[in-house]
Amino acid sequence: MSNHKNHIQQRERGSVVKFLAAELKPKGKIFSWFNIISVPVMTLGVVLIVIRFVKGIGSITNLDQEVPWGLWIGFDVVTGVAFAGGAYVLTFIVYILNVQKYKSIVRVTVLNGFLAYVFYAGALLLDLGRPWNVINPIIGNSFGVSSVLFLVAWHFLLYMLAQLIEFSPAIAEWIGARRARKILSGMTLAAVIFGITLSTLHQSGLGALFLMAKDKIHPLWYSGFIPILFFVSSIFAGLSMVIFEGSISHRVFYNKISEKNRKSHHGILHGLSGICAFTMFIYFFLQVIVFLHGKHWDLLNTRMGYWYLTEIFGFVVLPMILFFISYRNHRITLIKIAAIITMIGIIINRLNVTVIGYKWDAAVPYVPSWMEIVVTFTVLFAEIWIFRWVINRMPVLSDSPDWVREE
Amino acid sequence: MGVDRRNFLRALGLTGVALGTGKKLGAAESQTDKEDEFYGILYDSTWCAGCQGCEIACAEAHGLTPPEIEDVPEVGKKRVADETRRTVVNAYETSQGEFFVKTQCMQCAQPACASACLTKAMYKTRDGSVIWREEKCMGCRYCMVSCPFDAPKFEYHSSNPKIEKCDMCFDRVKEGKLPACVENCPAEAIKFGNRRELIAEARKRIAEFPGMYHDVIYGEHEAGGTGWLYLSAVPFGELGFNTNIQKKPYPELTKGFLYSVPSVFVLAPAVLLGIHTATKNNNNQDEENE
Ligand code: SF4
Ligand code: SF4
């Protein structure tokens, strides 16, 4: 009797290994244009990362004593996390407001968010001079609780966990673990509530990081309200990313998407454009208040002033109007255009606070080296690789297996 | 300035060791456990001769490289501290003639760097030094971003990089010695002692020689007060100081945000759960898919 059981278990284990081995093999074309571009870049990036660890951060970056944070923090971490904000916004809409319309894109958004955090937090490790000490603030022998960075680091960790739980039913469905799926789905609501709370705090926390750099950031971008501005803009930054990523996935993974979800795609984009227009209006309003509060009229007529106006009118007001028009008139293409302009605007805004406006008056202004850019693309491509790998295997865009509905 | 005078003073600086040790730590020791009672250094730029004795002594005390012989303070040339030197002296042409100024980490009373550090590697000790602890630091450089004086420097070209900055010779002071620069300043422009007493001393000098000093002690209120205190004959802007430094301590800039965190953690989940329950019944047609 027990022999028989063992036998079955062994066979099951064997098949799990076989199953995983089979799933590890590439699916799809090997010589797609994405592979042809990304593989050489990633190879070069890995070489550069090795050089960085052997010879120090200065060997491949243009950072210096005056500008200690550059592209890796300003773009990979600060901008990347803003784009990953879609996950908390959508889980809020679907699980907290119970608006079922967006349910079909929650999984892919959470997956995107989770991977973004994994890779952008990973980029943070590249930027640490002494990464082996990263455990210090985690295991509790040196808690710098007065540090905003301490808060942000912990939130990254906990939020990744929350997102993993939110996503885990998809993994369970993939490997066919029915019991586990049931338990994990039961944890979704708690993870969502926890995750949204964490997101509110660390999206704003990324802005709060720069509060002490009061004398170093251009006054048009520095204010005590950076945390609030970062938080509000993360809403439409995240949703624009959802629109953008959704449109690309719709093309690339078309055959993965169920009939029902293909049909609902336009309705979803339309709804999201409304939310974007609305939150961008609030954001613009806040920016105006912050500007009036700062009383920097004289600075507008400078080079940085023109740049500031470009950001506000070209990349906030314009896409806001486009979102609004496309929402009124159901113009799907226009929504996508507005989303792209918004995303560029977010990149510009985050870089203005963290890199361009930071020590804008330095004798030798910081410009990232080509190697920093290659490493940034390496991180980005690696994330897309994993994303694609998961999409091709787990029920993310496609429907859950039948047994889920039977239960 | 003539190289001869410089070399002379340099030699003097090196022999000044013996001179310095006499006037040791003073009577303030017993009071250092009080919050506002800690060591500081009073630097009188009107006395400084620009000999670089402090630079040399500092480099030797901390195993760094002393300045090159041609690397001297000159008007119009801004030398800056970096990962190879914790302090530098610069020359400025001012409305009252040429003056020298030594710069280094200011040893803030409430340091931005220490409140920024998530590992407590940057740490304000009870006797007033702001020290860096190698075994804790993860090299994130957030201290550099936050310090209003750009004092911490990072070894960008090392696989095991350190943060370099003045720590008011924490180790030497612990042993009862004076900071290296204080001990080796032949002009006696640098005075170590209890911060409160140094402020009184600075005030006395200003009062006694009214024409000689600009009536401000830089560091008394800057960034909420710093351990290093400066006297000067001219407004500090003329000596390359940042005069926009706010008077409130820098950590206060993040206090509002950090204080709001616990309340968000308590309120947000409750509110979210409340909304969830309220909206659940309105749209429960899809419920079984949860
Ligand atoms: S000057 Fe900068 S490094 Fe020195 S204690 Fe103040 S904040 Fe810290
Ligand atoms: S670089 Fe080191 S000392 Fe500076 S904030 Fe980061 S962990 Fe602290």
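The values are calculated or read from the model by the stated rules, or taken from the named source; none is laboratory data. No experiment lies behind these values; they were computed from the predicted model shown. All Cβ positions, glycine included, derive from the backbone under ideal geometry; neighbour counts span all protein chains shown.
Here are some notes:
- In the range A:127-166, the residues that are facing chain B (nearest Cβ under 7 Å) and either in contact with a strand residue (DSSP E or B) (Cβ under 9 Å, 6 or more places away or on another chain) or not hydrophobic (A, V, I, L, M, F, W, C) (or both): A:Gly129, A:Arg130, A:Pro131, A:Asn133, A:Asn136, A:Pro137, A:Ser142, A:Gly144, A:Ser146, A:Ser147
- Answer residue from the range B:91-108, given it is in contact with a helix residue (DSSP H, G or I) (Cβ under 7 Å, 6 or more places away or on another chain) and part of a strand (DSSP E or B) and is nearest to ligand 2 (Cβ to nearest atom) among those: B:Cys108
- Candidates B:Gly240, B:Gly211, filtered to the one that is under 25 Å from B:Ala112 (Cβ atoms) and of a type in the set (Gly, Ala, Ser): B:Gly240
- Residue in the range A:209-231 that is part of a helix (DSSP H, G or I), of a type in the set (Val, Ile, Thr) and in contact with a helix residue (DSSP H, G or I) (Cβ under 9 Å, 6 or more places away or on another chain) present: yes
- Residue within the range B:156-174 that is within 14 Å of ligand 2 (Cβ to nearest atom) and without any contact (Cβ under 8 Å) to a residue 12 or more places away in the chain present: yes
- Yes/no for B:Arg85 being among the basic types (Lys, Arg) and either away from ligand 1 (no atom under 14 Å from the Cβ) or more than 30 Å from B:Pro249 (Cβ to Cβ) (or both): yes
- Test: residue in the range A:144-160 that is within 16 Å of ligand 2 (Cβ to nearest atom) and hydroxyl-bearing (Ser, Thr, Tyr): yes
- Those helices (runs of 4 or more DSSP H) lying entirely in the range A:298-407 with at least 3 residues of a type outside the set (Asp, Glu) and over 30 Å from A:Ala22 (Cβ atoms): A:303-309, A:318-329, A:332-351, A:370-391
- In the range A:85-97 there is at least one residue that is more than 12 Å from every other protein chain (Cβ to nearest Cβ), more than 30 Å from B:Tyr156 (Cα to Cα) and not in a helix (DSSP H, G or I).
- Among the residues making up the range A:107-126, those that are in contact (Cβ under 8 Å) with a residue 40 or more places away in the chain and within 14 Å of chain B (Cβ to nearest Cβ) are A:Arg107, A:Ala121, A:Ala123, A:Leu124, A:Leu126.
- Filter result for B:Glu60 (charged (D, E, K, R), in a helix (DSSP H, G or I), under 22 Å from B:Glu155 (Cα atoms) and away from chain A (no Cβ under 13 Å)): yes
- Strands (runs of 3 or more DSSP E) wholly inside the range B:115-211 containing at least 3 residues that are surrounded by fewer than 24 Cβ atoms within 10 Å (Cβ to Cβ) and either within 11 Å of chain A (Cβ to nearest Cβ) or away from ligand 1 (no atom under 13 Å from the Cβ) (or both): B:190-194
- If you go through the range A:166-189 and pick out every residue that is among the charged types (D, E, K, R) and surrounded by fewer than 18 Cβ atoms within 10 Å (Cβ to Cβ), you end up with 3.
- When B:Leu118, B:Leu198, B:Leu178 are checked against the criterion of being within 11 Å of ligand 2 (Cβ to nearest atom) and more than 16 Å from the chain's Cα centre (by Cα), B:Leu118 stands alone in meeting it.
- The listed residues are A:Leu44, A:Leu48, A:Leu63, and the only one of them that is more than 22 Å from the chain's Cα centre (by Cα), more than 30 Å from B:Thr277 (Cα to Cα), more than 10 Å from chain B (Cβ to nearest Cβ) and buried (at least 17 other Cβ atoms within 10 Å of the Cβ) turns out to be A:Leu48.
- Top-ranked residue in the range A:360-407 [being at pLDDT below 90 and acidic (Asp, Glu); ranked as farthest from A:Ser104 (Cα to Cα)]: A:Asp361
- Among the residues of the range A:252-306, those that are within 21 Å of A:Ile321 (Cβ to Cβ), surrounded by 15 or more Cβ atoms within 10 Å (Cβ to Cβ) and not hydrophobic (A, V, I, L, M, F, W, C) comprise A:His270, A:Gly271, A:Ser273, A:Gly274, A:Thr279, A:Tyr283, A:Gln287.
- Unique residue being buried (at least 18 other Cβ atoms within 10 Å of the Cβ) and over 15 Å from A:Val232 (Cβ atoms) when the list is A:Ile321, A:Ile335, A:Ile325: A:Ile335
- Scanning the range B:212-242 for residues that are among the acidic types (Asp, Glu) and buried (at least 23 other Cβ atoms within 10 Å of the Cβ) turns up just one, B:Glu222.
- Where B:Leu253 falls short, out of the listed (1) within 22 Å of B:Ser95 (Cα to Cα); (2) in a helix (DSSP H, G or I); (3) touching a Lys or Arg at 6+ places or on another chain (Cβ under 7 Å): (1)
- Qualifying residue in the range B:261-269 (condition: of a type in the set (Phe, Trp, Tyr), more than 16 Å from ligand 2 (Cβ to nearest atom) and surrounded by fewer than 21 Cβ atoms within 10 Å (Cβ to Cβ)): yes
- For the criterion of being in contact (Cβ under 8 Å) with a residue 60 or more places away in the chain and out of contact with any strand residue (DSSP E or B) (no Cβ under 7 Å at 6 or more places or on another chain), B:Ala109 fails.
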